[in-house]
Amino acid sequence: MEGDEVLKIEGNKPIFGKDLYYISIPGKPSEKDPWMLQFGGHHLALNITIAGERGVLTPTLTGAQPALYTSNGKTVRPLGQEGDKTLALLNALDETSKETGISELQASRSCARARTGRQDDPARGFEGFTK
């Protein structure tokens, strides 16, 4: 959520920030019947379906943009450990698997650009992926 504060304003309107996160309760909370609790914002979506005493956390999305920023003079990488593990896995692939991975990543980038209309790189943060 702190990373969203870095991206809070675009032009004159807020498009990100802590104040744009929300809590929602679809359905009617019940001790017997299923209902849902949602919490989310930019790059965070938690959906908890509750049925009786049980809850299921699905679907979910946790992401970070920016992937790296400075706060109080310290570098912050919200999902840095996860990204490091991903890069280690990708870099451990053989050449054929790497080529497949690169093709899939490029296809994902193209889809993201088409979907968002943005031409910047939606897959930034994979600079450590070596071919």
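Which net charge results when you count Lys and Arg as +1 and Asp and Glu as -1 among the other residues whose beta-carbon is under 10 Å from that of residue 52? Once all neighbours under 10 Å are counted, the net charge is -1.
Would you mind ranking 39, 16 so that the residue whose beta carbon has the fewest other beta carbons within 10 Å leads the list?
Ranked by crowding around the Cβ, least crowded first: 39, 16.
The slack in the chain from residue 77 to residue 96, taken as 0.36 nm per residue of separation less the alpha-carbon distance, amounts to 3.8 nm. In straight-distance terms, cross-link reach from residue 28 covers every one of the lysines whose alpha-carbon lies under 29 Å from its own, apart from those fewer than eight places away in the same chain; here that gives 18. Here residue 5 and residue 58 are evaluated by their C-beta separation; at R0 = 25 Å the FRET efficiency comes out at 0.35. Across the alpha-carbon set of segment 1-43, the Rg to Rh ratio works out to 1.22, Rh being the Kirkwood radius.
Look at 60, 86 and count the other Cβ atoms within 10 Å of each Cβ; fewest to most, that gives 60, 86.
Neighbour counting of Cβ atoms within 10 Å sorts the residues 28, 85, fewest neighbours leading, into 28, 85.
Values in this text are rule-based calculations from the coordinates and carry no lab data. Here the structure is a predicted model, which is why all the values come from computation and not from measurement. Cβ atoms come from the backbone with ideal geometry, glycine included; neighbour counts cover every protein chain shown.
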